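Quick notes on the structure that follows.
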Amino acid sequence: MDKVRVAVIGVGALGQHHARVYASLPDAELVGVVDVIPGRAEAIAGPLGTKVIPGYADLFGKVDAVSIATPTTLHAEIGEQFLKEGVHVLVEKPIAHTLEDADRLIRAAKANNRILQVGHLERFNPAVKQLREIVRKPRFFETHRMGLFSPRSLDIDVILDLMIHDLDIICLLVPSPVVSVNAVGIAILTNRIDIANALVHFEDGCVANITASRVSMEKIRKLRLFQKQEYISLDYTRQDIAIFSLNRNADGGLPEIVGRKLTPEKKEPLQLELHSFLMATRGLQQTECTGEDGRKALALALQVLAQAEKAQALEIDRA
């Protein structure tokens, strides 16, 4: 098969890794990279042996697929143009800045029969892939996604930057509709919310308690869930799962808690994600995270954000 001709639009903190992985994949030809920051595209392109493209419009007719890792506010504008040009698009999460922009991308993908994939990276974490096979009917989630402060992604708040990862995974594991959201959030080092907590109730009775921070002193990426007679703890960073189950003794003795650990083969989620995207562009597999999936995660994140901003405004009024 011919290689898929790809390019990366925006090679900052995330996009540079898209370029690195594409350059390493045997079924991809990295045509070039684009960035508006002077010198950044050159710094990334040189070591990878690819070209610096002056502007993204210069790629029209020269690529089959692109990754868009620009600021979120530009996702819809750039992505829609590529889709209309017949180019498959992988857009970093969140899919867009607004639901209206998300709908623009979804419509353009359908109208032009192109793949639109959203970069919800944790779906490709080997531990998450294994978790999906053992979750039955979760009743309660608790997640913590804490990170050190970084100057990247300051165009969005921590909910759209970090929490949205866990919102997407929880929605993947709980097919029931959301019935209510309560949230709080605080701006610490920026003018946007830097630490937030959300309590999400689902129609089937499941509850999720979700915390995200980008002003912590350590990096934590954990999800815990409870289902009938079982507690499961997933560490995104270690890519492993601990399971604790209630074991009822057949002889009538006292029940006991039995623990076990699942350690799937460690793999780079981004490599799995981009390979999956290329396979989807060839029609060899279904898109793992569609535009509709990305829109669903964005809709819930915006609902959390609205509640957090409302609570923050009330606190300011009280002060």
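The table for this structure:
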item	result
Amide H partners (placed H, <5 Å) of Gly32, local residues excluded	Val8, Lys51
Among Val87, Val179, Val52: highest mean-square fluctuation, GNM of the chain, C-alpha pairs under 10 Å	Val179
Residue-span extension gain [Asn191 to Lys267] - 0.36 nm each, minus C-alpha spacing	23.8 nm
Likely footprinting exposure, Val66, Val36, fewest C-beta neighbours within 10 Å first	Val36, Val66
Extension gain (nm, one decimal) between Ser150 and Thr237, 0.36 nm per residue minus Cα-Cα	29.5 nm
Degrees separating the helix 99-111 axis from the principal Cα axis of the chain, which is the longest one	60 degrees
Of the chymotrypsin sites (Phe, Trp or Tyr not before Pro) in segment 34-96, those whose Cβ has at most 14 other Cβ within 10 Å and which sit in DSSP loop	Phe60
Directionally averaged shadow of segment 75-211, computed from the convex hull of its alpha-carbon atoms, nm²	9.5 nm²
Neighbour-count order for Leu246, Leu234, fewest beta carbons within 10 angstrom listed first	Leu246, Leu234
Restraint check, Lys129/Lys228; Lys3/Lys93; Lys228/Lys296; Lys93/Lys222, Cα-Cα greater than 23 Å	Lys3/Lys93; Lys228/Lys296
Acute angle (nearest 10 degrees) that the helix 291-318 long axis makes with the longest principal axis of the chain, alpha-carbon atoms	70 degrees
Tilt relative to the chain, helix 269-281 - C-alpha long axis, 0 to 90 degrees, to 10	60 degrees
Computed helical MRE - 222 nm, the chain, DSSP H runs ≥ 4 contributing -39500 (n - 2.57), nearest 500	-10000 deg cm²/dmol
Convex hull volume of segment 247-298 per residue (C-alpha atoms, cubic angstrom)	192 Å³
Within a Gaussian network of the chain (alpha carbon springs, distance under 10 Å), most fluctuating of Ala13, Ala297, Ala41	Ala13
Sorted largest first, extent of the chain alpha carbons per principal axis (Å)	71, 55, 38
For Ala242, net neighbour charge (Lys/Arg +1, Asp/Glu -1) across residues whose Cβ lies under 12 Å away	+2
Sorted by Cβ density within 10 Å, fewest first, the residues His97, His165	His97, His165
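Any read-out appearing in this document is the output of simple, stated calculations on the displayed coordinates, not a laboratory observation. This one's a predicted model, so the numbers in the text were calculated from it and none came from an experiment. Please note: Cβ atoms are built from the backbone with ideal geometry, for glycine as well, and neighbour counts cover all protein chains shown.
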